[in-house]
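The values are calculated or read from the model by the stated rules, or taken from the named source; none is laboratory data. Everything quoted here is computed from the prediction, not taken from an experiment. Here Cβ is always computed from backbone atoms with ideal geometry, including for glycine, and neighbour counts include all displayed protein chains. Just so you know, the surface numbers come from the protein's heavy atoms only, side chains and all, with ligands and any DNA or RNA stripped out. Shrake-Rupley method; radii C 1.70, N 1.55, O 1.52, S 1.80 Å.
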Amino acid sequence: MNNQLSDRINSLPTSATLAMAAKARELKAEGKDIIGLSLGEPDFNTPDYIKDAAIQAINDNYNSYSPVDGYVELKEAVCLKFKRDNGLDYKPNQIIVSTGAKQSIANVAQVLLNPGDEILLPAPYWVSYSAIATLCEATYKEIPSTIENDFKITPEQLEAAITPKTKMIFFNSPNNPSGTIYSEAEYKALAAVLEKHPNIYILSDEIYEHISYGTKNFSFAAIPSMYDRTITVNGLAKAFAMTGWRIGYIGAPEWIAKACTKMQGQITSGTNCIAQRAAITALTESPSRVQFMVDEFKTRRELILGLLNDIEGFKTNIPEGAFYVFPNVSHYFGKTLRGKTINNATDFSLFLLEEALVATVTGEAFGNPDCIRISYAASQEQIIEALKRIKDAVS
């Protein structure tokens with residue numbers, strides 16, 4: 001019955017990360033011992049001080065519709081956070097709270113893009129960026145990068161990619177899937193290109209900002225010439241282990257924020273009231289309270305890199321943030337492993353799921369067909385066992 005569905009939904013790909021997680025669940029249901037390294041979800045519980053704030057909100061009878069753009073107290077907390085962590089001055093009327101950072105990004109794209117407009121996506125990029133462009137009837141252009149340059153694009157590449165139809169560029173640092181972090185100097189060099197093209201808007205997705213291992217996150221909107229053209233996106237899912245609480249937010253020029261409120265008012269209205277009250281506590285407390293998770297992720301990063309470097313054919317770099325490694329596995333393309341021919345990263349990812357019983361995600365979904373994404377948001381024991389299985393499967 002696909003011919004009865006809209007062109008919009010028929011043109012939309014299924015999220016590769018969610019599809020791999022679903023396939024892994026199917027195999028688990030069949031009794032297979034699958035180790036899941038495909039989802040970008042911290043394996044920690046939400047910290048108690050945040051849960052206590054949610055319980056207090058329930059006891060205080062927060063149960064009514066919340067304002068479309070978020071509680072004033074939460075928007076003030078977001079402003080405090082932006083100033084404290086990023087050196088950004090936003091007022092509450094520039095803040096919109098949404099049901100996850102994914103909705104925040106979709107809102108911005110919907111209010112800025114017309115059919116035929118173009119988005120530039122430095123690759124690798126998060127899988128939903130291209131799908132959101134498709135939903136907006138916009139086109140997207142990938143700007144490629146390689147593991148040799150730590151998955152960063154150059155100002156020359158950016159300049160060459162811009163066309164008269166370019167309306168937006170999406171930056172994501174720390175990056176999903178590569179863990180790459182752009183330095184202040186690197187972002188300023190890219191901004192120097194964009195200064196020559198004043199009609200291009202920048203979406204800066206900083207959801208992994210607190211998960212970094214030495215290189216501090218720098219916000220694109222902190223470049224004075226870019227502030228009025230940048231939408232800063234963040235949320236609580238990753239750093240606070242609150243994926244299921246669904247809280248994202250933006251800081252933006254007021255006219256864009258107003259448009260996002262109008263859009264959201266017709267789609268979901270206000271975000272979950274209990275989650276918002278908990279978010280106030282999460283954002284106003286010091287980020288040092290979740291540093292224990294970052295420290296553990298760093299330990300796991302060293303562990304998984306050491307194990308990967310002991311497997312022939314996996315080319316790695318050192319990710320500076322997030323909780324992913326994005327190894328180049330093109331060494332295996334054209335080879336036959338356990339009777340299965342590996343033509344690309346998708347084949348290799350499926351091979352690992354079926355033969356090693358380890359779920360990863362193909363890099364093709366992220367705009368890089370030579371790599372796979374492996375999440376180390378799993379216990380050290382699971383990482384050790386998973387990498388042992390992978391090594392056995394490809395030997």
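Odds and ends about this structure:
- Normalised Debye scattering of region 1-116 at q = 0.17, 0.18 Å⁻¹ gives log10 I(q)/I(0) of -1.17, -1.18, counting only Cα atoms as equal scatterers and leaving out solvent.
- Debye-sum result for region 268-395 in log10 I(q)/I(0), which assumes one identical scatterer on each alpha carbon, at q = 0.15, 0.16 Å⁻¹: -0.74, -0.80
- Rg/Rh for region 318-360 stands at 1.04; both radii use Cα atoms, and Rh follows the Kirkwood definition.
- Remark on region 99-159: Rg and Dmax equal 12.8, 37 Å (Cα only).
- Pair residue 336, residue 84: separation of 7 Å Cα→Cβ label points (nm): 6.0 nm
- Along each principal axis, Cα extent of region 52-161, largest first, Å: 54, 32, 25
- Rounded Å value of the spacing that divides the Cα centres of region 262-332 and region 345-395: 17 Å
- Fraction of alpha-carbon pairs over 19 Å apart in region 159-250 - percent: 42 percent
- The HN-Hα couplings worked out from phi for region 330-345 by the Karplus form 6.51 cos²θ - 1.76 cosθ + 1.60 (θ = phi - 60°) are 5, 3, 8, 5, x, 9, 10, 10, 6, x, 10, 7, 9, 9, 7, 5 Hz, whole numbers, x standing for Gly and Pro.
- For region 119-220, the carbon plus sulfur part of the accessible surface works out to 54%, probe radius 1.4 Å.
- Using Cβ point charges alone (K and R +1, D and E -1), the dipole size of region 203-329 about the Cα centre works out to roughly 400 debye.
- Percent of C-alpha pairs per 10 Å bin, the chain, short to long: 5, 23, 32, 27, 12, 2, 0
- Segment residue 384..residue 298, full-extension length gain: 29.4 nm, with 0.36 nm per residue of separation and the alpha-carbon distance subtracted.
- Shape descriptor for region 55-105: Rg over Rh equals 1.03 (Cα atoms; Rh from the Kirkwood inverse mean 1/r).
- Computed packing ranks the peptides 303-316, 333-346 as 303-316, 333-346, most packed first, by mean other Cβ atoms within 10 Å.
- Computing Rg and the Kirkwood Rh from the Cα coordinates of region 192-292 gives a ratio, Rg/Rh, of 1.00.
- Solvent-accessible heavy-atom area per residue, rounded to whole Å², over region 171-260 at 1.4 Å: 30 Å²
- Karplus (6.51, -1.76, 1.60) ³J(HN,Hα), θ = phi - 60°, over region 38-51, in Hz, Gly and Pro reported as x: 10, 8, x, 9, x, 9, 9, 7, 4, x, 4, 5, 7, 4
- Whole-Å semi-axes of the ellipsoid equivalent to region 244-287 (Cα gyration tensor, √5λ, descending): 22, 15, 7
- Fluctuation leader among 288, 38, 183 - the chain, Gaussian network, Cα springs under 10 angstrom: 288
- Inter-label distance for residue 285 and residue 19, nm, one decimal - labels placed 7 Å from Cα along Cα-to-Cβ: 3.9 nm
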